[in-house]
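*Asks:* Just dropping this structure here.
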Amino acid sequence: MDQLASGPARRAIGGYKLAFNKQASFEYYGITEPCSAPVFADRIVPSGSSVRLDAYGELVIEPEIAAVLGEDLPGSGVTLEQAQRAISHYTTAFELLDVRGAFALDPSAAEAVAQGVYNVGAVLGETRIEPGEVDVATLPVLLVLDSAERMEARGVAPQHPAEAVCWLANHLGARGYRLKAGMIVLCGTHLPAQTIRQAGLIQLAMGSLGSVGLTAT
């Protein structure tokens, strides 16, 4: 990660993603904790942005909650209460991935991490909700692909987003890194990953967290 964030072609890290952070994933991959990867700041874009499908090998989206940090967190020993206080707000988000055929090969967790767990960016919604105002256990999720295919669920967060931030802060701290104010944390997908093969509008609504949209061209 040092090499990714330094050197002649330095790129600022705008946040991190969590992956495999639910019990079913632990069992499938034979792991005991989630995985993470950096999200580069120049690849975090607002709702309403567009992407060109021909710029990716295989574009995949995941609907997630993004936690936006309002305060720096210490490098280690972070408590859940500290993590909650440091979160400025939650918003709806798409994680963008370019899996380039990897899913068909059923990679291990280690192989996925070696490729940044395929992250190529994030799209953030405009609604900002304070952490205490979100009931994750009943949060509805509606994903609409080009006004046709719909996926719906309720209360399907892989873990509470504050717990995700707390784990990540301690995980990074043990390796000499810190979560800083302004960074985002993508807290894990609420629905199965969706491969985007056709141009069109992709919309996600998550109850009180509002909505986010992305156009594929």
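*Asks:* What are the residues in region 178-210 that are under 16 Å from LEU18 (Cβ atoms) and crowded, with 19+ Cβ neighbours inside 10 Å, if any?
*Replies:* Correct list: LEU179, MET183, ILE184, VAL185, LEU186, CYS187, GLY188, THR189, HIS190.
*Asks:* Based on this model, can you work out whether ALA67 counts as surrounded by 18 or more Cβ atoms within 10 Å (Cβ to Cβ) and in a helix (DSSP H, G or I)?
*Replies:* no
*Asks:* A further question on this structure: Within 27 Å of PRO107 (Cβ to Cβ) and either among the aromatic types (Phe, Trp, Tyr) or not in a strand (DSSP E or B) (or both): is that true of ARG197 in this structure?
*Replies:* yes
*Asks:* While we're looking at this one, here's another question. How many residues are among the hydroxyl-bearing types (Ser, Thr, Tyr) and buried (at least 18 other Cβ atoms within 10 Å of the Cβ) if we restrict to region 85-117?
*Replies:* Result for region 85-117: 3.
*Asks:* Among what's in region 9-56 and is more than 15 Å from the chain's Cα centre (by Cα) and basic (Lys, Arg), pick the residue that is surrounded by the most Cβ atoms within 10 Å (Cβ to Cβ).
*Replies:* ARG11
*Asks:* Given the conditions (1) farther than 16 Å from PRO192 by Cα; (2) touching a residue at least 24 places away in the same chain (Cβ under 8 Å), and given that ALA110 satisfies all but one, which numbered condition is not satisfied?
*Replies:* Checking ALA110 against (1) farther than 16 Å from PRO192 by Cα; (2) touching a residue at least 24 places away in the same chain (Cβ under 8 Å), the one that fails is (2).
*Asks:* Here are some conditions: (1) closer than 28 Å to THR215 by Cα; (2) at pLDDT below 95; (3) surrounded by 18 or more Cβ atoms within 10 Å (Cβ to Cβ); (4) of a type outside the set (Ser, Thr, Tyr). LEU139 meets all but one. Which one does it not meet?
*Replies:* It fails just one condition, (2).
The values are calculated or read from the model by the stated rules, or taken from the named source; none is laboratory data. Quantities reported herein were computed from a predicted structural model and do not represent experimental measurements. For neighbour counting, all protein chains shown are included, and Cβ atoms are generated from backbone atoms with ideal geometry for every residue, glycine included.
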